[in-house]
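Bear in mind these aren't lab numbers, they're just calculated from the coordinates by the rules spelled out. Note that the coordinates shown come from a computational prediction; the quantities given were computed from them, not determined experimentally. Positions of Cβ are backbone-derived with ideal geometry, glycine not excepted, and every protein chain shown enters the neighbour counts.
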Amino acid sequence: MFDRDIWVEIFNSIKNNKLRTFLTGFSVGWGIFILVVLLGCVNAMTNGFHGQFNDDATNSIFIRPGTTSKAYAGFEAERRIQLKNDDIEYIRKSFPDDFENISGRMFRRTTARYKSETGSYTVQAVHPDFQVIEKTIITQGRFINTNDLVSGAKVAVIGRKVKEDLFKNEAALGKFVEFNGLPFRVIGVFTDDGDDNAERGILAPISTYQRIYSNTDNVDQIALTYNSSYDLTRALEFSGRLETILKRRHKVAPKDQAGIRIWNYAEAFSDINNFTGILDTGAIFVVMLLLTAGVVGIGNIMVFTVKERTKEIGVRKALGAKPIQIIKLVLLESVFITALSGFIGLLIASGILAGVGPLIEAPAFKNPSVDFSTVLIATIILIIAGFFAGLLPAMKAAKIKPIVALNDK
Amino acid sequence: MIQIKNLHKSYKMGSNSLHVLKGIDFSVEEGELVAIMGSSGSGKSTLLNILGMLDGADSGDYVLDGVPIENLNETKAAQYRNKFLGFVFQSFNLINYKNAMENVALPLYYQKVGRKERQEKALKYLGQVGLKEWATHLPSELSGGQKQRVAIARAMAAEPKVLLADEPTGALDSKTSYEVMDLIQKINDDGNTILVVTHEPDIADMCKRIVHLKDGVIVEDKKIKQVRASAYV
């Protein structure tokens with residue numbers, strides 16, 4: 001394989017048939033080019049989809065109460081369901097192994113004021129666990145802790161945008177901000193990968209807000225993460241059990257979709273994964289067809305090469321070339337052309353993805369690239385394809401009788 | 001060196017079978033220079049093909065340098081050809097993209113001789129045919145006579161037991177033909193066994209023995225007094 005003479009001959013054969021080699025090589029290069037670009041795009045879509053959800057933990061479940069649509073258990077339809085602290089406690093006790101983090105959520109609009117700056121924001125009153133569920137990143141200070149919750153402290157974690165709006169360049173930590181006239185101490189600043197909007201939010205302990213709003217124990221929503229070792233089936237089974245139990249507690253008809261809604265990320269993710277999986281398979285299928293055309297082309301060029309060199313091969317055999325040596329010569333040339341042209345396609349496609357990818361600004365299309373394993377697999381496919389393209393012509397060449405070299409009269 | 005007994009060969013032509021060699025008995029001693037003559041269709045080329053292991057006989061025995069040649073597969077035949085035989089063709093059959101030295105070195109490559117040694121040997125044999133200065137020239141830059149001399153150097157490079165020349169002067173003018181025959185005679189003088197297929201009487205007269213084929217049988221086999229080609233050069 002690393003025999004210098006064989007390579008000299010391969011290069012010579014290619015040199016003598018530049019156009020033909022280029023045209024056939026082009027079809028293989030084109031096939032690989034399309035493979036890489038398609039897979040890169042599918043990758044980008046997958047990245048995009050995941051990015052959209054990424055500001056929340058991927059194993060989160062959201063429970064949202066609604067209005068019943070069916071009469072049930074002596075209650076009429078159109079009844080508003082209200083979640084309470086009890087529900088959170090109930091889930092904590094009933095499913096100790098199934099959940100990892102749990103938090104209530106209350107949403108209240110507030111007008112925040114610091115010195116002369118004011119702004120209107122939504123305060124989300126939550127439990128300490130919420131930091132994990134929402135993947136909130138604290139850049140300064142700390143998140144709400146259990147002490148804050150127990151004491152009902154008037155503390156707040158503010159979003160980066162809020163801090164910019166109210167404090168400008170001033171340090172915010174430890175300062176007091178008025179929310180609807182009540183002073184809250186800033187204990188932290190957070191950012192969010194998801195979007196700028198989330199950074200226009202304020203987080204506060206849920207107990208504090210429940211006390212401010214007439215000592216209620218109401219909760220607007222419950223957010224939790226399920227045991228991260230669960231697969232899709234177990235995750236769905238868990239959210240199914242949650243739904244059944246909560247509907248029973250709140251006397252909602254089991255079939256009533258409006259009374260209590262449970263939204264499980266696992267479902268959405270499995271849908272996306274299915275979708276991108278189908279795209280991937282489709283892309284690979286299309287490219288396989290293209291590559292087949294390319295490989296047939298290479299096979300074709302090799303048949304020609306062998307035919308053209310019939311006499312030379314005959315002479316070689318008369319001089320003592322064994323059939324296996326002739327096969328090696330043809331196969332190596334075929335593999336070389338295929339691998340080289342495929343590699344050029346690969347390089348160009350990777351270059352385009354790397355160059356153009358960052359310029360595309362679309363939420364569902366992010367970072368189009370192919371990973372190393374794709375490149376490796378494509379290379380292996382190319383070498384195998386080149387091998388098969390050359391196999392028949394090589395065997396044909398090996399069967400050439402040296403007698404033809406003599407029959408020249 | 002060569003013993004052939006009762007050699008038969010026929011070719012199938014559709015439903016007919018063409019009996020080309022009808023029982024050839026023939027032997028060649030070491031150091032002989034034999035001309036095989038005959039008109040076209042006499043079977044001389046078929047005989048040479050069988051001697052060269054390029055074709056198999058239907059029946060009969062063929063022993064080359066004490067080795068019985070029978071039931072050869074392609075690989076074995078290639079090995080034997082490489083080890084025992086050197087070929088010279090009418091149309092030279094040099095490989096057009098290799099220079100003279102690379103052409104001469106080719107049989108050595110198939111003998112798995114190292115690159116360096118190959119080149120040294122090739123230059124040595126090119127020197128013997130008087131073309132050392134032409135080592136780096138491509139066949140297209142050589143005259144017909146030079147090409148045939150390169151081909152002879154190539155055939156000799158593998159140091160074969162027998163040199164088979166199929167109409168070696170068929171494509172050359174008479175002056176060049178004699179030059180080539182002079183070279184063949186000199187190689188024979190060194191003790192090499194050479195078989196020349198030809199239909200030209202003057203070329204045959206430059207050998208030491210003439211075997212005449214007609215319709216697939218040997219009709220005449222005589223030793224002659226060799227005419228030295230150098231007298232004409």
What lysines sit close enough to A:Lys251 to cross-link, taking a C-alpha to C-alpha distance under 30 Å and skipping anything fewer than 8 places away on the same chain?
A:Lys70, A:Lys84, A:Lys93
Considering chain A as a Gaussian network with a 10 Å cut-off on Cα pairs, which listed residue, A:Asn169, A:Asn300, A:Asn85, attains the greatest mean-square fluctuation?
A:Asn169
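Listed here are the pairs A:Lys396/B:Lys161; A:Lys317/B:Lys5; B:Lys161/B:Lys186; A:Lys396/B:Lys76; which of them are more than 21 Å apart at the Cα?
A:Lys396/B:Lys161; A:Lys317/B:Lys5
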Value of [θ]222 nm, deg cm²/dmol, for chain A, DSSP H segments ≥ 4, -39500 (n - 2.57) each, nearest 500
-18000 deg cm²/dmol
How far apart, in nm, are two points set 7 Å out from the Cα along the Cα-to-Cβ line at B:Ser40 and at B:Asp202?
2.1 nm
Compute the longest continuous run of chain A that contains no exposed GluC sites (Glu not before Pro); treat a site as exposed when its DSSP state is not H, G, I, E or B and it has at most 14 other Cβ atoms within 10 Å.
A:171-360
Fluctuation leader among B:Lys147, B:Lys76, B:Lys161 - chain B, Gaussian network, Cα springs under 10 angstrom
B:Lys76
With an 8 Å Cα cut-off and a minimum separation of 6 or more residues, compute the relative contact order for chain B in percent.
28 percent
Rg/Rh (Cα only; Kirkwood hydrodynamic radius) as it applies to segment A:60-265
1.01
For a label point 7 Å from the Cα of A:Tyr230 along Cα→C-beta, name the residues of segment A:243-267 whose backbone N is under 13 Å from it.
A:243-245, A:262-267
Across 5 Å bins from the origin, how do the percents of Cα pairs in chain B run, short distances first?
1, 7, 14, 18, 19, 16, 12, 7, 3, 1, 0
Would you mind ranking A:Asp3, A:Asp271 by Cβ crowding within 10 Å, fewest neighbours first?
A:Asp271, A:Asp3
Averaged across the residues of B:86-97, what count of C-beta atoms belonging to other chains lies within 10 Å of each residue's C-beta?
5
Got a sec? How would A:Ile284, B:Ile2, B:Ile224 order by Cβ neighbour count within 10 Å, fewest to most?
B:Ile224, A:Ile284, B:Ile2
For chain A, what is the per residue volume of the convex hull drawn over the alpha-carbon atoms, in cubic angstrom?
201 Å³
Averaged over residues of B:102-113, the number of beta carbons from other chains lying within 10 Å of each residue's Cβ is 3
Go ahead and collect, in residue order, the members of segment B:48-71 whose backbone nitrogen is under 18 Å from a label point 7 Å along the Cα-Cβ direction of B:Lys12.
B:55-59
The answer for the longest stretch of chain B without any exposed GluC sites (Glu not before Pro) (DSSP loop, at most 16 further Cβ atoms within 10 Å) is B:71-233
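Of A:Val286, A:Val155, how do they rank once you tally other Cβ atoms within 10 Å and put the fewest first?
A:Val286, A:Val155
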Going through A:Lys115/A:Lys154; A:Lys401/B:Lys116; A:Lys311/B:Lys98; A:Lys307/B:Lys116; A:Lys401/B:Lys132 one by one, the pairs whose alpha carbons sit over 23 Å apart turn out to be A:Lys401/B:Lys116; A:Lys307/B:Lys116; A:Lys401/B:Lys132
What length, rounded to one decimal in nm, is gained on full extension from A:Thr139 through to A:Ser214, with 0.36 nm per residue of separation minus their alpha-carbon distance?
23.7 nm
